[in-house]
Amino acid sequence: NTGIDLAPFDRVAVGASIRYGKHRPCVAQFMRERRGTLEAKRCAFFSVNIVARKPQKNTPQTNPYMKKFLKQIGWRPSQLAVFAGKLDYPRYTFWDRQIIRFIMFLTRGPTDPATVIEYTDWQQVETFARALGDA
């Protein structure tokens, strides 16, 4: 329970990143428990995951993590987005770095442990935010 009272808000944006191949379970729980409230408002959900760096997986319709999340919560917020995020090997713990490098090897991504790449399309983020504000 987050203790957040959503009643005063007419718009709600919820975002979650992927860690170890999943959104945190508490995000889906939050969305399911507050479904009625969220459906009565303009609700947006965005996912940040490095898989979205690939053009064929960077939309809500094509991103496997977004599709799985929507199935988990059992409904569809009025606005959806997927952002690629940042790959920053030097900031990761040793084990996280090794796991991510292995995943990147499998998906033909960068594996050099010194790599830092900002994949986020900030114009896309701004467009998403403006659309939520304009609704």
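Listed values, structure above:
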quantity: Conditions (1) modelled with pLDDT under 95; (2) within 16 Å of Arg11 (Cβ to Cβ): number failed by Ala81; calculated: (1)
quantity: Test set (1) of a type outside the set (A, V, I, L, M, F, W, C); (2) free of Cβ contacts under 8 Å to residues at least 60 places away in the same chain; (3) surrounded by fewer than 13 Cβ atoms within 10 Å (Cβ to Cβ) - Asp96 fails condition number; calculated: (3)
quantity: When residues of segment 87-125 are limited to those that are outside any helix (DSSP H, G or I) and hydroxyl-bearing (Ser, Thr, Tyr), the one nearest to Arg53 (Cα to Cα); calculated: Tyr119
quantity: Selection within segment 15-58 - in a loop (DSSP other than H, G, I, E, B), in contact with a strand residue (DSSP E or B) (Cβ under 7 Å, 6 or more places away or on another chain) and more than 14 Å from Phe83 (Cα to Cα); calculated: Arg24, Lys41
quantity: From Pro55, Pro110, residue being farther than 30 Å from Pro8 by Cβ and modelled with pLDDT of 95 or more; calculated: Pro110
quantity: Check on Gln72, surrounded by 12 or more Cβ atoms within 10 Å (Cβ to Cβ), outside any loop (DSSP other than H, G, I, E, B) and polar (S, T, N, Q); calculated: yes
quantity: Residue tally, condition in contact (Cβ under 8 Å) with a residue 60 or more places away in the chain and either more than 16 Å from Tyr89 (Cβ to Cβ) or surrounded by fewer than 12 Cβ atoms within 10 Å (Cβ to Cβ) (or both), over segment 105-119; calculated: 0
quantity: Qualifying residue in segment 76-85 (condition: touching a residue at least 12 places away in the same chain (Cβ under 8 Å), assigned to a helix (DSSP H, G or I) and surrounded by 15 or more Cβ atoms within 10 Å (Cβ to Cβ)); calculated: no
quantity: Complete set of residues in segment 1-33 that are touching a residue at least 12 places away in the same chain (Cβ under 8 Å) and of a type in the set (Val, Ile, Thr); calculated: Thr2, Val12, Val14, Ile18, Val27
quantity: Some residue of segment 30-49 being of a type in the set (Phe, Trp, Tyr), closer than 22 Å to Tyr119 by Cα, in contact with an Asp or Glu (Cβ under 8 Å, 6 or more places away or on another chain) and modelled with pLDDT of 95 or more; calculated: no
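The values are calculated or read from the model by the stated rules, or taken from the named source; none is laboratory data. These figures come from a predicted structure and were not determined experimentally. Counting neighbours? That spans all protein chains shown, and the Cβs are built from the backbone with ideal geometry, glycine included.
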